[in-house]
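Input: a single structure, listed below in structure tokens.
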Amino acid sequence: MKDSKLRRQIAFEAARLMYSRQETEYFQAKIKASRRTVRGWVKPADLPSNAEVRDQIQVLTRLHETDADARQGRLGRMRLRALWWLRQLDAHHPKLIGSVLTGSVRDGSDIDIHVFGNHPDAIADEVDSLGFGCQVVRKQVVKDGQPRVFTHIRIADEFPIELTVYPLKWIGHRFKSSITGKAIERASASQLEKLLVFAHDYDAESLSTSLRQIQGRPDRFQVFQALMVPLENVVQSPRWHPEGDALYHSLQVFGLAKDEAPYDEEFLLAALMHDVGKAIDPDDHSVAALEALDGYISPRTAWLIAHHMEAHKIHDHTIGARRRRRLASHPWFEDLLLLGDCDRGGRVAGVSVDTLQQALDYIEGIEEMFGGDPVQPSWSPHDAGPIR
């Protein structure tokens, strides 16, 4: 195979992995793509550049997201939300970077912001005080042959937000793009305001009005939608999920749960959102889901999501006897078994399902019908309740 053809094939496969959210880092995507494309070792020099992979991602975006007006509208809303966050984080010298600044957003894109401070947990506390659930993630990567730890704060909002926290001494540092090798484009709040006026038909008055209308804490159904949409690009093992992507599976599980418990909002949310963490951390998707949903779901919904994988072990008789007894003593145990039945049943190719919007509208309609809000922010993602 000619080197140029091999590079194109690896670039396309790496782009597909990143577009489907199976990988989030260019290097890992290229390594996995090379293993899938050729049998044997590929020299690093023969791998495509990050720019080549990025170009293929943009091709996939144009192929799958054909409504340019909708994409432009989403870009405007994301930039407006980014401006709100830049203002809230003003004390930490925030700068917008990434696809929301450059305009190359796609379904599932997040808002990337650099912030500066010597105490990341204190910044996370500030985010929490605004009423948003967030997750602090520390990643070790190798830069210039040296291991470094980077701290990220992931925020559940109308659009996913990712803050990358750097020490204060790095405020003046010009970060280089792994794609172009040039300095990363970044924008302060004032620069982003000018971009909104120039590219999205705002003037000073309408921009101020729109920012005032943004609630500090987003509507929880907006958060649910923002977390669910990326599941459409999560490709699952055909051995366990012959039906296809994680969103289609989740909508099947929701449909089965609706047949069993049509007015149980907490149970229906658990059915719909049980796999939402697969687009965040596939290695520990239950914990990732709970951290993203913290403060937006009730303790019962959270408990069901936390233990839904154990429901399969109960069904397969692979769970320990002591653990099963502890689960069986819990008041929501029968609900857990029912959720497991729905989860296993939602794996059929080609069946008709509600759209995500229809599912969310249905659940929201239950809340309006019966009134009240079952959400109680007392749940901790690491709290298994009385069965610990």
message: List the lysines whose Cα sits under 28 Å from the Cα of residue 313, skipping any in the same chain fewer than 8 residues away.
response: 258, 278
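May I ask for the net charge around residue 312, where only other residues with Cβ less than 11 Å from the Cβ of residue 312 are counted and Lys, Arg are +1 while Asp, Glu are -1?
Numbers: positive: 313, 344; negative: 310, 316, 341, 343.
Net charge around residue 312: -2.
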- request: Could you state how much accessible area residue 337 has, in square angstrom rounded to the nearest 10, with a 1.4 Å probe and all protein chains kept in place?
  value: 50
task: Apply the Debye scattering formula to the range 56-175, with a single equal point scatterer on each alpha-carbon and no solvent, then give log10 I(q)/I(0) at q = 0.20 Å⁻¹.
output: -1.14
- line: Each label sits 7 Å from Cα toward the beta-carbon; between residue 199 and residue 348 the label points are separated, in nm, by 4.5
query: the range 233-297 to the range 313-373: how many Å between their Cα centroids?
result: 9
query: Within the chain, which DSSP H helices have Cα atoms that stretch 24 Å or more along the helix axis and a mean Kyte-Doolittle hydropathy of at least 0.0?
result: none
- request: For the range 258-318, list log₁₀ I(q)/I(0) at each q in 0.30 Å⁻¹, using the Debye formula over Cα point scatterers of equal strength and ignoring solvent, two decimals each.
  value: -1.20
- prompt: For the chain, what does -39500 (n - 2.57) per DSSP helix run (n ≥ 4), summed and divided by total residues, give at 222 nm, in deg cm²/dmol to the nearest 500?
  reply: -16000 deg cm²/dmol
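Hand me the tally of lysine pairs in the range 1-122: alpha carbons under 18 angstrom apart, and the pair either on different chains or 8 or more positions apart.
Numbers: 2/30; 2/43; 5/30; 5/32; 5/43; 30/43; 32/43.
For the range 1-122, the number of qualifying lysine pairs is 7.
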field: Anchor residue 169: aspartates and glutamates whose Cα lies under 18 Å away (excluding residues fewer than 8 positions away in-chain)
entry: 90, 121
field: Sparsely packed trypsin sites (Lys or Arg not before Pro) within the range 227-284, loop by DSSP, other Cβ within 10 Å at most 15
entry: 239
query: Size of the range 195-304 along its principal axes in angstrom, Cα-based, largest extent first?
result: 53, 30, 25
field: Convex hull volume per residue for the range 291-375, taking Cα atoms only, in Å³
entry: 129
- line: For residue 182, the aspartates and glutamates lying under 19 Å Cα to Cα, once residues fewer than eight places off in the same chain are dropped, come out as 25, 52, 55, 112, 144
- request: First compute the accessible area of the range 1-106 with a 1.4 Å probe, then give the percent of it belonging to carbon and sulfur atoms.
  value: 49
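The values are calculated or read from the model by the stated rules, or taken from the named source; none is laboratory data. Model, not experiment: these values are computed from the prediction. Cβ atoms come from the backbone with ideal geometry, glycine included; neighbour counts cover every protein chain shown. These area figures cover heavy atoms from the full protein model, side chains too; ligands, DNA and RNA do not enter into them. Shrake-Rupley method; radii C 1.70, N 1.55, O 1.52, S 1.80 Å.
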